[in-house]
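The values are calculated or read from the model by the stated rules, or taken from the named source; none is laboratory data. Quick caveat, the model's predicted, so the values are computed rather than measured. Note: ideal-geometry Cβ built from the backbone for every residue, glycine included; neighbour counts use all protein chains shown. Ligands, DNA and RNA are stripped out before the accessible areas are found, and what is left, the full protein with its side chains, is counted by its heavy atoms. Shrake-Rupley method; radii C 1.70, N 1.55, O 1.52, S 1.80 Å.
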Amino acid sequence: MISPMSATPSIPASPPQRADTGWTHKDLTSIEALTADEIKSILDTASAFKTVGVREVKKVPALRGKTLVNLFVEPSTRTRISFELAAFRLSADVVNISAATSSLTKGETLKDTAKNLEALHADIIVLRHSSAGASQFLAERLDASVINGGDGAHEHPTQALLDVYTILEKKGRIAGLHVAIIGDILFSRVARSNIHALLKLGARVTLVGPRTLVPREFEKMGVAVTHDLDSVLPDADVVNLLRIQHERQRKEYFPSLSEYTAFFGLTQQRAELLKPDALIMHPGPINRGIEIDSDLADSARSVILDQVTNGLAVRMAVLYLCAGSRNG
Amino acid sequence: MISPMSATPSIPASPPQRADTGWTHKDLTSIEALTADEIKSILDTASAFKTVGVREVKKVPALRGKTLVNLFVEPSTRTRISFELAAFRLSADVVNISAATSSLTKGETLKDTAKNLEALHADIIVLRHSSAGASQFLAERLDASVINGGDGAHEHPTQALLDVYTILEKKGRIAGLHVAIIGDILFSRVARSNIHALLKLGARVTLVGPRTLVPREFEKMGVAVTHDLDSVLPDADVVNLLRIQHERQRKEYFPSLSEYTAFFGLTQQRAELLKPDALIMHPGPINRGIEIDSDLADSARSVILDQVTNGLAVRMAVLYLCAGSRNG
Amino acid sequence: MISPMSATPSIPASPPQRADTGWTHKDLTSIEALTADEIKSILDTASAFKTVGVREVKKVPALRGKTLVNLFVEPSTRTRISFELAAFRLSADVVNISAATSSLTKGETLKDTAKNLEALHADIIVLRHSSAGASQFLAERLDASVINGGDGAHEHPTQALLDVYTILEKKGRIAGLHVAIIGDILFSRVARSNIHALLKLGARVTLVGPRTLVPREFEKMGVAVTHDLDSVLPDADVVNLLRIQHERQRKEYFPSLSEYTAFFGLTQQRAELLKPDALIMHPGPINRGIEIDSDLADSARSVILDQVTNGLAVRMAVLYLCAGSRNG
């Protein structure tokens, strides 16, 4: 049995047998709905797949002849590419649909679009959508696997999985760690999925940011809330800096980018408050000099690019487990 | 010999030998130019390929190493994806070119663009173009196979083929059936290709719609024309509801969508006039509540999603027959 | 040893062993930095690959499991497709990123974008960028292979390689030939890369065009400069007609397209000045009737489509040599 949850995970050379993973879902629409064991199944499988990325020939035939459709009603090149590459490594075929440049949806409902894709024998639909619950809506109505690639401010489950995978890889454990999530929590699907994953795996979570973006209501989820970053840094094992979506001009929530950086940016000076082995994370793309000092982003404590690499392994695992669950 | 034209077609497990199909064309640019036997060859081959879609591994190596270029000068995500997936199942490589987002054609003629693709060893060019005759123009000038993915208001041959395939699959025959095609006939390449295919295969066709969109001139093609839907429904074996292109704002042709629906929409009330086993078809995407009542679209008599699935098999057959004809 | 540099090159049936080519670079960012022997290595390898394009199954497994990312910050469908098809023939996977329709780069630096692609195990990044030096900048900072797909007015190395390949193929040699490059030299990366390649391989080069677009400063590169096309044509073995980028409206550089054609267009009348066996080249897309008479573009002396076909072989060679150099 593969177990990256132990301090010294064994890395098998080939993917696990699905029968051994205990995974039974055709979809991944949220972290909230998963048990800790199900999360661990994904991480174990990802650990096995991570070795595929460094082999000379990076493919395994696990999903040969299967089709993944990236249905991105909201644009996200970064997530699209990660799923696309994960599918290629599993030998699946990929079709990309970008609503922005597409005529697919002309007046058609999301369900009809998806039903059409299923009628074309799509095995997996990765859905990025601006509405919370969109992927769950489809998952209940399709035989195809539906993977949530981000739905409004609700969840972004594969981002949370790659985040906990990275923490586990670097720290050897999740349980008992203190993770600070910093920034625009209110509108962040990344934050919500991370909170669920971290709490289920036994971490302690503190949310940090302006009062307007980190309201006290989050305490009901079982996390701490503070508006004072400096008080949190000395005790944090991990700081996860969320991207400030300043292009969306949330002027009503904070006055300016420079004021945000003054209070919540991870500057060199603030980083001195961190434990020497604290991890610095960011889901990307980073705004250098805003959420994080540029040199810090490239420093040894930063695992930002590890997150990207682990995202590939985690997405391979999710595709493998979900798309295989129907006939494996 | 495979024959889905018989009431109980045999479904072989592997694609037919091209030599047995009698198909000799490198291109498919119109239904009008085909004989009934040629249409049957495509349907037979599609029938063989339909089984590929439900196998565990959906690929056959028929077009391995060949390249299909989707050259969509006019956008159509739906048709593009169907051809892309058909090519994947035949193990071909696919390159997508969308004129809307492309710099390919900057000042260049269509012929030069296509000649360049052929110089890059494109084996098949699927052309969607706003001008009638565009694919025939290319077919005469290229060694590559040219497949018409819709040319202006002229033809959309693979749509007609998937429509007759679906009728044949559900009814066991085409000859002697009465098919009503309803809606914007004047501007519809789908209608023109369907009329040719249905008449060649021995069906009786009635066109129904507003006088502005269904002029009497169509009677010269050998079909009936009427502007009274209710009089046609009791006798129809199949009703094919064309999409109202209301985004193109044909205000000069009918006053409003609600008036269109009042006279030509397939409402629940009107559907009671249909024979119990009549088929309801639509090329998609459907405007629920306009051409068709939403519940009817999802009812047992609706074969709308079957059409989509059969489109994949039909396009596999067309690619296989045309691209194989040159060296098979 | 394969040598297309001899008058009768031998065409091997399979790609050369990388060890035999002498190629040691992971990147191709400019022709200027290459030695004549390195250019010959690419041409030799391309010659071997050209046979792949005409085989029944056009693929070789050389880059199976490797990933090429077409990162086109500036659009170029033509170059993108050529690299994509080259990658397919080497069995590599391809991801396309078009900055125009992409959310990838939202506020992110080019280096961060590229580092992210590398973290996703991209093996090769083909970069098209509006800034001179962009691909060199990335090449120095990435482990992945970086191929310059055109950087500002600096270089377009694979275009020059396919041009010299085509000359070599048709003439049997480069050394001692007289090549006239005609048109907008000042802003042309194609011209710069061609000049470097031709001079390194021993050709004589004359630049021809309006004074505004062909300043005397180019003489420092070791080429002749003239503004009188008719004086050059009788002595030229090759005329390479650059595309007039009239969509960019360089009104300050020449008064009108018709005046350009009057002085620098290759008309039928002017073509009579050419040697009978002179080659007519153009990087495409051609403006028929502007840089070149339409019939001339399709005449026996025109090798414009040969250039396109050879571009595929040259790009296969470049991908193979660069991406293989790291672990071959």
Sort shortest first the distances from residue B:202 to its counterpart in every other copy, using label points 7 Å along the Cα-to-beta-carbon line, and give them in nm. 7.4, 7.4
Kirkwood-based Rg to Rh ratio, segment B:258-315, C-alpha trace: 1.00
Checking B:124, B:42, B:290 against a Gaussian network model of chain B (alpha-carbon springs below 10 Å), the top fluctuating residue turns out to be B:290
Solvent exposure of chain A as accessible area per residue, Å², 1.4 Å probe: 35
Any chance you could check the Cα centroid distance between segment B:183-206 and segment A:176-218 for me, in angstrom? 60
Placing unit charges on C-beta atoms (Lys and Arg positive, Asp and Glu negative, everything else neutral), compute the dipole magnitude of chain B about its Cα centre in debye, rounded to 20. 600
Run through the other copies and list how far each one's label point is from that of residue C:294, in nm with one decimal, shortest first; the point sits 7 Å from Cα along Cα-Cβ. 5.3, 5.3
Given Cβ charges of +1 for Lys and Arg and -1 for Asp and Glu, the option among A:300, A:60, A:193 whose Cα lies farthest towards the positive end of the dipole of chain A is A:60
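Considering every residue in C:288-301, what mean count of other chain Cβ atoms within 10 Å of its Cβ is obtained? Before the final figure, lay out the partial values.
On the way: counts 4, 0, 1, 0, 0, 0, 2, 0, 0, 1, 3, 0, 0, 0.
Across C:288-301, the average partner-chain Cβ count within 10 Å equals 1.
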Max mean-square fluctuation residue, GNM over chain C, Cα-Cα springs under 10 Å, options C:84, C:272, C:32: C:272
Evaluate the Debye formula for the protein assembly as shown with equal point scatterers sitting on the alpha carbons, no solvent, and hand back log10 of I(q)/I(0) at q = 0.08, 0.09 Å⁻¹, in q order, two decimals. -0.87, -1.07
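Can you pull the mean other chain C-beta count within 10 Å for peptide A:76-86?
Working: counts 4, 11, 11, 1, 5, 11, 4, 0, 6, 8, 1.
Partner Cβ neighbours, averaged per residue: 6.
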Value in Å of the Kirkwood radius, where segment A:112-190 supplies the Cα pairs that are averaged: 14.3
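Given just the C-alpha atoms of segment C:157-303, how large is their convex hull per residue in cubic angstrom? Present the calculation step by step, with values, prior to reporting the outcome.
On the way: hull volume 14.3 nm³, N = 147.
Spelled out: Cα convex hull of segment C:157-303, divided by residues, is 97 Å³.
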Amide hydrogen neighbours beyond the local backbone of residue A:94, cut-off 5 Å, H modeled: A:68
Determine the total buried accessible area between chain B and chain C, counting protein heavy atoms only with a 1.4 Å probe; round to the nearest 100 Å². 2400
Which value, in debye to the nearest 20, gives the size of the charge dipole of the protein assembly as shown about its Cα centre, when Lys and Arg are +1 and Asp and Glu are -1 at the Cβ? 1180
May I ask you to give the percent of accessible area on chain C that is carbon plus sulfur, with a probe radius of 1.4 Å? 51
Do any of C:26/C:50; B:59/C:26; A:115/B:66 go past 26 Å between their Cα atoms, and which? B:59/C:26; A:115/B:66
For chain A, modelled as a Gaussian network with Cα springs under 10 Å, which listed residue fluctuates most, A:188, A:130, A:145? A:130
To the nearest 10 degrees, the tilt of helix A:189-200 (Cα long axis) against the first principal axis of the alpha carbons of chain A is 90
On C-alpha positions alone, give me the angle between the axis of helix B:36-50 and the longest principal axis of chain B, in degrees, nearest 10. 80
Find every distance from the label point of residue B:152 to the corresponding label point in the other copies (7 Å from Cα along Cα→Cβ) and write them in nm, one decimal, shortest first. 4.6, 4.6
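From the C-alpha gyration tensor of segment B:200-259, pull out the three semi-axes of the equivalent ellipsoid (sqrt of 5λ each), sorted largest to smallest, in whole Å.
Numbers: eigenvalues 104, 37, 26 Å².
Each semi-axis is the square root of five times an eigenvalue, giving 23, 14, 11 Å.
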Convex hull volume per residue for chain A, taking Cα atoms only, in Å³: 132
So what J values fall out for segment A:230-242 if you push phi through Karplus, 6.51 cos²θ - 1.76 cosθ + 1.60 with θ = phi - 60°, rounded to Hz, Gly and Pro as x? 4, 6, 8, 4, x, 9, 7, 8, 9, 10, 10, 8, 7
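For n ≥ 4 DSSP H runs only, could you compute -39500 (n - 2.57) per run for chain B, divide by its residues and tell me the 222 nm figure to the nearest 500? Show your work: numbers first, answer last.
Numbers: 12 runs with 116 residues, N = 328.
So the helix-based figure for chain B works out to -10500 deg cm²/dmol.
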Under unit Cβ charges (Lys, Arg +1; Asp, Glu -1), what dipole magnitude, rounded to 20 debye, does segment A:157-303 have relative to its Cα centre? 500
All aspartates and glutamates inside 20 Å of residue C:200 as judged from Cα atoms, apart from same-chain residues fewer than 8 positions distant: C:27, C:32, C:37, C:38, C:44, C:155, C:163, C:169, C:217, C:219, C:237
